[in-house]
Amino acid sequence: MKVGVVTFPGSLDDRDAARAVHAVGGEPVSLWHGDADLKGVDAVILPGGFSYGDYLRCGAIARFAPVMDQLVPAARGGLPVLGICNGFQVLTESHLLPGALIRNDHRKFNCVDTRLRVENVQTAWTSDFAQGQEITIVLKNGEGGFVADERTLDELEGEGRVVFRYVVPEGGRNPNGSYRDIAGITNERGNVVGLMPHPEHCVETGYGPSLDGLPFFTSILKQVVSA
């Protein structure tokens, strides 16, 4: 299984994502933002970081990169795509996912271990989780507040497209002000998933708070092998 990992100017978690793919037996393939070529990969990860320095808006410039000219139609055709943090921002800017990511409501950068609840195990990237499972993975962002209009939020909820939700203690608040505690969503087809926390940092013993990131990568491995 070949999984492409796109590097934009400013990406900083591309090697971590490639390492996570390798950890589950996949073959990571480096994709350069300036190349309009997906190199025949079976799936793609848009990693975290600060593409193009986050100038203008996070992900707003990356969406115009030559590699996206290939990725957007491929994703609409069913290619599995996972956007992590800045990658999630790129997916919303590219209109592969609805909504937007804005500045955290407390106006501070967050770097914390975060509890999530798995709301949808029918996507290409979450089938190895159990419905309702709670996991702990790393969150690190300054602009991770997920927002959308009420109609879009209702559609996401009604169609089961909320994939991850922050687990918030009674009387508490989620880490960035995301509407309805949404941490990750998917498209109608379930092949494109975006989330703010970082599963690629939770795949090896001794690094990160858990191994709860592994099912993201085993899920796509099984999806591709069974296709």
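The values are calculated or read from the model by the stated rules, or taken from the named source; none is laboratory data. Values in this document were obtained by computation on a predicted structure and should not be read as measured data. Here Cβ is always computed from backbone atoms with ideal geometry, including for glycine, and neighbour counts include all displayed protein chains. Note: areas computed on protein heavy atoms with side chains; ligands, DNA, RNA excluded. Shrake-Rupley method; radii C 1.70, N 1.55, O 1.52, S 1.80 Å.
Just a few scattered comments:
- Listed here are the helices (runs of 4 or more DSSP H) enclosed by the range 1-98 that have at least 3 residues being more than 19 Å from P197 (Cβ to Cβ): 66-76.
- Scanning the range 104-124 for residues that are part of a loop (DSSP other than H, G, I, E, B) and charged (D, E, K, R) returns D105, R107, K108, E119.
- Enumeration of residues in the range 154-213 that are part of a strand (DSSP E or B) and open to solvent by 10 Å² or more (accessible area, probe 1.4 Å): R165, E204, Y207
- Every condition in (1) part of a strand (DSSP E or B); (2) open to solvent by 10 Å² or more (accessible area, probe 1.4 Å) holds for S127 except the one numbered (1).
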